[in-house]
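Taking it in order: structure first as structure tokens, then the write-up.
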Amino acid sequence: NRRYVLAARPQGLPAPAHFRFEQTSVPTPNHGEVLLRTLYLSLDPYMRNLMDEAGPGYAPSIGIGEPMVGATVSRVVASRHPAFQAGELVLANAGWQDYTLSDGMDLTPVGTLRQPALALSGLGMPAFTAYVGLLDIGNPQPGETVVVAAATGAVGSVVGQVARLKGARVVGIAGGADKCKYAVDELGFDACLDRHDPALAQRLGAACPDGIDIYFENVGGPVFDAVLPLLNLRARIPVCGFIAHYNDAVTSAGPDRLPALTKAVLQKRLRMEGFIILDHYERRYDAFRHDMARWIEAGVVKVREDIVEGLEAAPAAFAGMLEGKNFGKLVVHVAP
Ligand code: NDP
């Protein structure tokens with residue numbers, strides 16, 4: 001059983017030294033347990049937050065020497081649980097390892113999908129996050145302008161496509177010309193701007209002549225600075241993530257932007273609402289699953305996966321995602 005454990009807590013971007021590769025024996029299931037073989041491992045930005053000593057609050061931080069956590073599509077290889085049979089594919093939380101045991105509580109049958117990784121991408125947690133944040137907090141109306149960064153990523157790509165389905169105008173922000181071209185040509189965004197462009201703020205203003213009604217916040221940093229002056233009266237800001245700061249080792253000393261933010265929130269009657277997707281499964285997952293399966297099937301929502309081969313590739317691919325090297329939902333193909 002190969003696995004990666006957290007070896008040290010990163011200050012800044014994770015490096016190979018923060019992960020330790022280990023070999024352990026394959027565990028044996030007890031009564032009521034199943035043995036799972038990892039086929040696909042999802043790599044997601046929240047894992048960076050769980051590597052810090054002070055965790056994010058919605059999930060415990062990973063202890064030193066403990067396996068890196070993560071959602072997986074796994075195969076049941078042995079079952080002593082009445083609800084699961086050997087050979088079945090399940091959505092699980094095996095983490096960065098080949099094998100794990102489960103008591104079944106956290107398992108969901110994947111059923112028959114033409115591509116099992118879809119359970120981690122287009123039908124998975126990030127797409128569900130986009131759905132809830134955009135529809136329930138953003139509430140896009142026809143003709144409104146929606147802005148989203150990390151626009152070709154797992155969450156952002158779905159935000160933009162669903163906003164288009166609801167009749168909104170969508171402006172994406174992404175890292176580099178290739179991603180921007182893809183957002184417009186393939187995902188149907190109305191425009192997409194390169195976040196590395198020094199003139200981003202001016203270009204965003206030109207791309208949003210009627211201002212911004214919804215800013216789906218994925219990144220924070222300079223993108224939010226560019227967005228703030230363009231927000232319309234009663235704009236909505238679903239606060240989903242702020243990946244530009246996940247690797248900050250220290251809090252920046254300034255300048256203090258809080259007065260400008262508070263002023264805008266007050267005078268423009270802005271609504272900023274943070275959300276953690278774990279809170280929404282019970283009430284909204286079935287609706288998401290139903291709508292998204294239909295949209296993907298009909299080809300109106302496109303899913304792009306960035307699949308890397310082999311468990312050994314996980315640490316570098318994960319660090320790369322935190323710098324924008326992924327192009328689509330990052331998934332590790334661990335076993336056939
Ligand atoms: P992505 O597939 O979008 O990958 C991360 C992307 O972030 C990179 O590809 C890069 O895109 C962008 N990025 C990296 N560094 C920066 C930076 N300094 N400034 C701006 N953009 C940067 O990841 P996800 O779709 O999985 O996640 C998107 C966001 O959603 C994250 O903030 C994540 O934490 C959040 N999230 C929140 C959840 C919740 O429950 N609230 C659940 C799931 C995700 P590019 O180079 O194209 O700009």
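The values are calculated or read from the model by the stated rules, or taken from the named source; none is laboratory data. The shown structure was predicted, so the numbers you read here are calculated from the model rather than taken from an experiment. Please note: Cβ atoms are built from the backbone with ideal geometry, for glycine as well, and neighbour counts cover all protein chains shown. Accessible surface is based on the protein model in full, side chains and every heavy atom, while ligands, DNA and RNA are left aside. Shrake-Rupley method; radii C 1.70, N 1.55, O 1.52, S 1.80 Å.
Is one or more of the residues making up the stretch 97-105 buried (at least 18 other Cβ atoms within 10 Å of the Cβ) and within 23 Å of the chain's Cα centre (by Cα)?
yes
For Gly160, only one of the following conditions fails: (1) buried (at least 24 other Cβ atoms within 10 Å of the Cβ); (2) under 11 Å from the mean Cα position of the chain (by Cα). What is its number?
All conditions are met except number (2).
Since Cys208 meets every condition but one in (1) under 25 Å from Val301 (Cα atoms); (2) open to solvent by less than 40 Å² (accessible area, probe 1.4 Å); (3) within 12 Å of the ligand (Cβ to nearest atom); (4) not aliphatic (A, V, I, L, M), which condition does it not meet?
Among (1) under 25 Å from Val301 (Cα atoms); (2) open to solvent by less than 40 Å² (accessible area, probe 1.4 Å); (3) within 12 Å of the ligand (Cβ to nearest atom); (4) not aliphatic (A, V, I, L, M), Cys208 violates only (3).
Within the stretch 76-84, does at least one residue satisfy the condition of being within 14 Å of the ligand (Cβ to nearest atom), hydroxyl-bearing (Ser, Thr, Tyr) and in contact (Cβ under 8 Å) with a residue 40 or more places away in the chain?
no
For a quick check of your reading of the model, give me the residue pairs whose first member lies in the stretch 228-251 and is basic (Lys, Arg), whose second is open to solvent by less than 40 Å² (accessible area, probe 1.4 Å), with beta-carbon atoms closer than 7 Å and at least 6 apart or on different chains.
Within 7 Å, the pairs are Arg236/Ile137; Arg236/Gly138; Arg236/Ile214.
Just checking, how many residues over the stretch 252-286 are among the hydrophobic types (A, V, I, L, M, F, W, C) and free of Cβ contacts under 8 Å to residues at least 24 places away in the same chain?
Residues meeting the conditions: 4.
Filter the stretch 32-70 down to residues that are over 19 Å from Arg20 (Cβ atoms) and either more than 11 Å from the ligand (Cβ to nearest atom) or among the polar types (S, T, N, Q) (or both), then give me how many there are.
The qualifying residues number 14.
Does the stretch 220-245 hold any residues that are within 7 Å of the ligand (Cβ to nearest atom) and either surrounded by fewer than 21 Cβ atoms within 10 Å (Cβ to Cβ) or under 12 Å from Ile173 (Cβ atoms) (or both), and which are they?
Within the stretch 220-245, Gly221, Val223, Phe242, Ala244 qualify.
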